[in-house]
Amino acid sequence: GRANGTPAAGPERERGRVPPSRASVAVITEPGEWRRTLDAARNAGRTVGVVPTMGSLHAGHLSLIRLAAAQRDLVAVTDYVNPLQFAPSEDLAAYPRDLESDCALAEEVGAHLVFAPTPAQMWPPAGRPATTVTVSGLGDRLEGASRPGHFVGVATVVTKLLCLAGACRAYFGEKDWQQLAIVRRLVTDLSLPTEIVACPTVRDRDGLALSSRNAHLSAAERAAAPTLYWALLAGRRSVEGGEEDPEAVRAAMAGVIGGEPRLIVDYVEVADPEALAAPARVAGELRLLAAARLGRTRLIDNISAVSPHRGPAGVGP
Ligand code: PAF
């Protein structure tokens with residue numbers, strides 16, 4: 001059947017009896033089985049790629065899976081809505097879940113396995129760990145300040161997933177830039193055998209970054225949503241034009257968001273790309289990050305910006 005543990009390359013499939021629209025990607029729910037499956041693949045000389053997701057797969061996720069499939073012999077997608085990264089005020093219960101459709105989409109773009117445990121399987125017996133992972137500093141700013149506890153939840157589950165996965169390449173989207181920076185840091189700090197691959201943000205034609213949250217936008221909100229990206233572009237123009245005052249770059253971005261009454265700015269920031277600290281002077285390679293509320297939905301986005309002024313460690317032109 002679909003999404004119930006059927007091997008991806010069974011004899012029926014090879015004879016072409018299973019219609020291509022029916023997912024036959026292998027679904028694993030037991031952490032121990034997932035670990036043994038990836039170990040066996042490596043022992044057989046196959047390289048492994050892991051794409052961590054919370055399901056609700058959209059074209060952004062599919063671009064990660066496609067890249068993994070182009071680079072690795074065995075591609076495993078994790079599909080786990082992680083309760084630890086939701087605050088009590090955020091609606092965990094309403095988070096969309098559709099394992100069957102996720103499996104069909106993942107298989108179509110080259111995934112072989114989907115790891116979809118329940119919280120009780122992830123953290124037996126109570127469904128919550130006593131051990132957590134905190135990435136200090138990096139995890140406290142920006143999204144961390146707006147969503148206390150969020151990155152502890154992310155870092156804890158990613159650490160567990162990567163420990164289970166073993167040596168692999170793991171693919172993360174640049175859309176969640178701070179998450180990517182945090183994952184890189186925890187992999188380095190804890191010496192996990194993981195090579196992190198960053199994948200560019202996928203955007204709709206009007207510039208809106210793809211996100212599972214976009215599904216919650218009304219038509220009017222959807223029309224207003226790309227303003228967040230336009231604000232980042234205004235920030236980039238300011239940086240590229242040689243602006244040296246970070247406050248002026250932030251003001252350029254906030255001004256664009258302010259022009260769209262439906263968007264309520266949460267933060268706009270110019271930061272160094274790794275530690276995400278705000279520089280005293282705009283120079284070198286930077287990341288522009290913004291978050292805003294649009295009705296009941298919170299949107300985040302980020303882009304790069306390169307200043308014509310040389311950075312402190314000689315970074316930049
Ligand atoms: O980016 C996400 O979907 C989640 O934060 C992740 C990395 C899968 C951890 O739950």
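The values are calculated or read from the model by the stated rules, or taken from the named source; none is laboratory data. Just so it is clear, the structure is predicted and the values come from calculations on it, not from any experiment. Methodologically, a virtual Cβ is constructed for each residue, glycine included, from the backbone with ideal geometry; neighbour enumeration extends over all protein chains shown. Protein only, heavy atoms only, side chains kept; ligands, DNA and RNA dropped before computing areas. Shrake-Rupley method; radii C 1.70, N 1.55, O 1.52, S 1.80 Å.
Place a +1 charge on the Cβ of each Lys and Arg in the range 151-194 and a -1 charge on the Cβ of each Asp and Glu, then give the dipole magnitude about the Cα centre in debye, rounded to the nearest 20.
Numbers: 5 positive and 3 negative charges, 12 e Å.
That gives a dipole near 60 debye.
If you plug each phi of the range 259-275 into the Karplus form 6.51 cos²θ - 1.76 cosθ + 1.60 with θ = phi - 60°, what whole-Hz ³J(HN,Hα) values come out, in order, with x for Gly and Pro?
Listing the rounded values in order: x, 10, x, 6, 8, 10, 5, 9, 8, 10, 9, 10, 8, 6, x, 9, 7 Hz.
Read phi for every residue in the range 301-311 and hand back ³J(HN,Hα) as whole Hz from Karplus 6.51 cos²θ - 1.76 cosθ + 1.60, θ = phi - 60°, with x for Gly and Pro.
7, 7, 9, 8, 8, 10, 7, x, 8, 5, x
Calculated FRET efficiency, residue 195 and residue 59, Cβ-Cβ r, R0 22 Å, to nearest 0.05?
0.35
Between 0 and 90 degrees, rounded to the nearest ten: what's the tilt of helix 59-71 against the longest Cα principal axis of the chain?
Approximately 60 degrees, to the nearest ten.
In a Debye calculation with equal point scatterers on the alpha-carbon sites of the range 99-146 and no solvent, what is log10 I(q)/I(0) at q = 0.26 Å⁻¹?
Result of the Debye calculation: -0.84.
Against the longest principal axis of the chain, how steep is helix 177-189, in degrees 0 to 90 to the nearest 10, with axes from Cα atoms?
Taking the Cα atoms of the chain, the angle to 177-189 is about 60 degrees.
Largest first, what is the accessible-area ranking of 108, 260, 285, 244 with a 1.4 Å probe?
Highest to lowest solvent-accessible surface, that is 108, 285, 244, 260.
Can you give the net charge of the other residues whose Cβ lies under 11 Å from the Cβ of residue 308, counting K and R as +1 and D and E as -1?
Details: positive: 310; negative: 240, 243, 244.
Every neighbour counted, the sum reads -2.
Given the options 137, 45, 110, which has the most mean-square fluctuation in a GNM of the chain, springs set between C-alpha atoms less than 10 angstrom apart?
Residue with maximal mean-square fluctuation among 137, 45, 110: 45.
Which whole-number percentage describes the relative contact order of the range 117-205, with Cα contacts under 8 Å and a sequence gap of 6 or more?
26
Compute the separation of the alpha-carbon centres of the range 244-285 and the range 141-175 and state it in Å as a whole number.
24
Which residue fluctuates most in the GNM of the chain (Cα springs below 10 Å): 56, 212, 136?
Residue with maximal mean-square fluctuation among 56, 212, 136: 136.
So for the range 13-144: antiparallel DSSP bridges make up what percent, rounded to the nearest 5? Provide the component values of the computation, followed by the final result.
Values: 0 of 12 bridges.
Within the range 13-144, antiparallel bridges account for around 0 percent of the total.
So what is the calculated 222 nm ellipticity per residue for the chain, using -39500 (n - 2.57) for each DSSP H run with n of 4 or more, over all residues, to the nearest 500 deg cm²/dmol?
-10000 deg cm²/dmol
Using θ = phi - 60° and the Karplus relation 6.51 cos²θ - 1.76 cosθ + 1.60, list the HN-Hα couplings for the range 133-140 in order, rounded to whole Hz, with x at every Gly or Pro.
10, 10, 9, 5, x, 3, x, 9
With +1 on the Cβ of every Lys and Arg and -1 on the Cβ of every Asp and Glu, and nothing else charged, how large is the dipole of the chain about its Cα centre, in debye rounded to the nearest 20? Kindly include the intermediate steps, with their values, before the conclusion.
Working: 34 positive and 35 negative charges, 111 e Å.
Approximately 540 debye in magnitude.
Out of the trypsin sites (Lys or Arg not before Pro) in the range 223-317, which ones are loop residues according to DSSP with at most 14 other C-beta atoms within 10 Å?
Here the trypsin sites (Lys or Arg not before Pro) that fit, given the DSSP loop and packing criteria, are 281, 296, 310.
For residue 92 and residue 223, what is the calculated FRET efficiency with R₀ set at 22 Å and r taken between the beta-carbons, to the nearest 0.05?
0.15
Give me the angle, in degrees from 0 to 90, between the Cα long axis of helix 227-240 and the longest principal axis of the Cα atoms of the chain, rounded to the nearest 10.
Roughly 60 degrees between the two axes.
Can you pull the percent of Cα pairs in the chain with separation above 24 Å? Mind dumping the intermediate values first?
Numbers: 28245 of 50086 pairs.
For the chain, the fraction of Cα-Cα distances above 24 Å is 56 percent.
So who's got an amide H within less than 5 Å of the one on residue 55, skipping anything under 5 residues away but keeping other chains? H placed 1.01 Å off N, in plane.
Long-range HN contacts for residue 55: 80.
Note down the accessible area of residue 266, probe 1.4 Å, to the nearest 10 Å².
So the heavy atoms of residue 266 present about 70 Å² to solvent.
What's the extension gain from residue 247 to residue 71 if we count 0.36 nm per residue and subtract their Cα-Cα distance?
Difference between extended and current length: 59.2 nm.
Per the Kirkwood formula on distinct C-alpha pairs, the Rh of the range 244-317 is how many angstrom?
Computed over the range 244-317, the radius equals 12.9 Å.
Could you give the length gained by full extension between residue 296 and residue 240, i.e. 0.36 nm per residue of separation minus their alpha carbon distance, to one decimal place?
Result: 16.8 nm gained on full extension.
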